[in-house]
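S.K.: Take this structure first; my questions come after.
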Amino acid sequence: MREWDSPEEALACLQAYSSSAAVGAALELGLPWLLEAAPLDHAVIAAALGVPQVRCRWWLETLVRLGLLERAASGYALTPGARRGVLGSYSRESWAFLAREERERFPEVLDWTGRLTAPPGSPGRPPSGYFAQITADPERARAFTRMLYDLHRPLAERLAAALDLTGCRRLVDLGGGSGVMSLALVRRYPGLTSMVVDIENVCAEGRAIAAEQGLGERVSFRGGDFRSAPLPEGCDAVLECDVGVYEEGLFSAVRAALPPGGRFAVADLLPEAEDDFPEGLLHWGFTGALARDDPGEPGQGRMTWVRLRGMLAAAGFRLGSETGLPDGFRLLEVHA
């Protein structure tokens with residue numbers, strides 16, 4: 001939390017968009033990977049990335065101030081922290097996609113005050129949405145799926161360690177995307193197979209990832225909208241992780257698809273109750289509310305763990321255990 005004891009603190013927050021833009025451009029243009037082998041002079045960097053030299057120098061100095069770069073005898077180099085935090089984590093493609101998503105969201109933030117004070121129902125620019133974007137654009141779906149595979153691998157390992165699927169033979173992974181959760185689970189449980197149900201463009205990349213892991217025969221993919229299509233038959237466990245589709249009809253369908261004692265596991269980053277605002281939700285929640293024409297009101301559609309437990313109980317599930325996961329996520333297990 002920042003200490004607001006000087007005007008400089010307020011100015012730093014007010015001007016933070018330039019820092020975000022500088023880092024985003026570095027990730028989209030691939031600057032860290034250009035400097036991976038050795039430091040380079042600003043003129044060489046400018047020529048390699050197609051950036052005018054004067055503009056490039058301002059940009060590089062901004063990145064020095066932010067700690068992504070440091071000056072070296074032969075030009076600019078990555079800091080040790082940048083090597084660990086960027087090169088040593090997600091793939092270049094995943095970082096580029098994350099930066100692109102933030103850039104696409106930024107027009108709404110430019111009109112922050114106008115969007116913040118606009119009454120519900122006023123004209124706005126609601127985004128086309130995740131489903132429309134990846135259904136219409138196979139390449140975006142491919143990059144999105146790879147990005148989430150990178151981001152969710154630590155969560156998947158923790159979920160696989162926490163979720164007890166002893167005795168389960170067939171898992172259905174609703175909205176499982178890349179299959180990252182299913183891959184971790186079938187590695188832990190040799191007798192388990194999993195079917196991921198998601199949009200076909202996402203499933204296509206998920207199949208490729210599963211094949212790369214040598215698990216294509218144990219993790220399969222079915223394209224379709226699980227909110228309306230019949231669920232796969234013969235499952236004894238169902239998982240929904242970081243999907244956010246919580247509907248009475250879906251819960252009833254899951255309950256009907258499971259045998260007595262079958263398991264339904266939900267993992268997500270949700271507030272416990274209406275007046276809770278976890279730090280991990282602030283960015284997505286606030287920018288999402290700006291982008292939507294009608295952001296809704298407290299108590300009108302905001303999912304919480306309290307509300308989710310009530311919906312699952314109403315659908316006929318017996319509430320089971322809850323386990324904390326990384327970055328504020330929580331795993332809730334219920335039984336048919």
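S.K.: Going through region 164-181 one residue at a time, which ones are touching an Asp or Glu at 6+ places or on another chain (Cβ under 7 Å) and either among the basic types (Lys, Arg) or within 20 Å of ARG255 (Cα to Cα) (or both)?
M.R.: Scanning region 164-181 gives CYS168, ARG169, ARG170, LEU174, GLY175, GLY176.
S.K.: Something else about it: Can you pull out the residues in region 36-52 that are over 30 Å from the mean Cα position of the chain (by Cα) and surrounded by 12 or more Cβ atoms within 10 Å (Cβ to Cβ)?
M.R.: Step one: filter region 36-52 for residues over 30 Å from the mean Cα position of the chain (by Cα), giving 38-48, 50-52.
Across region 36-52, the qualifying residues are PRO39, LEU40, ASP41, HIS42, ALA43, VAL44, ILE45, ALA46, ALA47, ALA48, VAL51.
S.K.: Can you run down the residue pairs with Cβ atoms below 8 Å, 6 or more apart or on separate chains, where the first is in region 138-162 and farther than 23 Å from VAL238 by Cβ and the partner is among the charged types (D, E, K, R)?
M.R.: Going by the 8 Å Cβ cut-off, the qualifying pairs are ALA141/GLU205; ARG142/GLU205; ALA143/GLU93; ARG146/GLU93; ARG146/GLU205; MET147/GLU93.
S.K.: Does VAL44 satisfy the condition of being assigned to a loop (DSSP other than H, G, I, E, B), free of Cβ contacts under 8 Å to residues at least 60 places away in the same chain and over 17 Å from VAL86 (Cα atoms)?
M.R.: It is false that VAL44 is assigned to a loop (DSSP other than H, G, I, E, B), free of Cβ contacts under 8 Å to residues at least 60 places away in the same chain and over 17 Å from VAL86 (Cα atoms).
S.K.: Here's something else I'd like to know. Can you work out which of the residues in region 226-242 that are hydrophobic (A, V, I, L, M, F, W, C) and assigned to a loop (DSSP other than H, G, I, E, B) is surrounded by the most Cβ atoms within 10 Å (Cβ to Cβ)?
M.R.: PHE226
S.K.: Now a separate question. Just checking, which of GLY301, GLY316 is at pLDDT 95 or above, part of a loop (DSSP other than H, G, I, E, B) and either surrounded by fewer than 18 Cβ atoms within 10 Å (Cβ to Cβ) or acidic (Asp, Glu) (or both)? Explain how you work it out, then say what you get.
M.R.: Values: GLY301 fails: at pLDDT 95 or above.
That would be GLY316, the only listed residue that is at pLDDT 95 or above, part of a loop (DSSP other than H, G, I, E, B) and either surrounded by fewer than 18 Cβ atoms within 10 Å (Cβ to Cβ) or acidic (Asp, Glu) (or both).
S.K.: Also: The conditions are (1) of a type in the set (Asp, Glu); (2) in a helix (DSSP H, G or I); (3) buried (at least 19 other Cβ atoms within 10 Å of the Cβ), and ASP173 fails exactly one of them. Which is it?
M.R.: Going through the list (1) of a type in the set (Asp, Glu); (2) in a helix (DSSP H, G or I); (3) buried (at least 19 other Cβ atoms within 10 Å of the Cβ), ASP173 breaks only (2).
S.K.: Could you count how many residues in region 243-258 are in a loop (DSSP other than H, G, I, E, B) and touching a residue at least 24 places away in the same chain (Cβ under 8 Å)?
M.R.: Qualifying residue count, region 243-258: 5.
S.K.: Exactly one condition in (1) loosely packed, with under 14 Cβ neighbours inside 10 Å; (2) of a type in the set (Val, Ile, Thr); (3) more than 30 Å from GLY224 (Cα to Cα); (4) modelled with pLDDT of 90 or more is false for THR117; which is it?
M.R.: In the conditions (1) loosely packed, with under 14 Cβ neighbours inside 10 Å; (2) of a type in the set (Val, Ile, Thr); (3) more than 30 Å from GLY224 (Cα to Cα); (4) modelled with pLDDT of 90 or more, THR117 misses (4) alone.
S.K.: In the list GLN15, GLN53, which residue meets the criterion of being over 24 Å from LEU282 (Cβ atoms), free of Cβ contacts under 8 Å to residues at least 12 places away in the same chain and among the polar types (S, T, N, Q)? Let's see the steps before the verdict.
M.R.: Details: GLN15 fails: over 24 Å from LEU282 (Cβ atoms).
Within the list GLN15, GLN53, the selection yields GLN53.
Residues are listed down the side, and each one gets a yes or a no for (1) closer than 25 Å to TRP112 by Cα; (2) among the polar types (S, T, N, Q); (3) assigned to a loop (DSSP other than H, G, I, E, B):
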site	(1), (2), (3)
GLU3	yes, no, yes
SER18	yes, yes, no
ALA25	yes, no, no
VAL51	no, no, yes
THR62	yes, yes, no
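S.K.: Of the residues ARG263, ARG218, which is more than 23 Å from VAL334 (Cβ to Cβ), modelled with pLDDT of 85 or more and surrounded by 17 or more Cβ atoms within 10 Å (Cβ to Cβ)? Explain how you work it out, then say what you get.
M.R.: Working: ARG263 fails: more than 23 Å from VAL334 (Cβ to Cβ).
Sole residue among the options that is more than 23 Å from VAL334 (Cβ to Cβ), modelled with pLDDT of 85 or more and surrounded by 17 or more Cβ atoms within 10 Å (Cβ to Cβ): ARG218.
The values are calculated or read from the model by the stated rules, or taken from the named source; none is laboratory data. Everything quoted here is computed from the prediction, not taken from an experiment. Backbone-built Cβ (ideal geometry, glycine too); neighbour counts: all protein chains shown.
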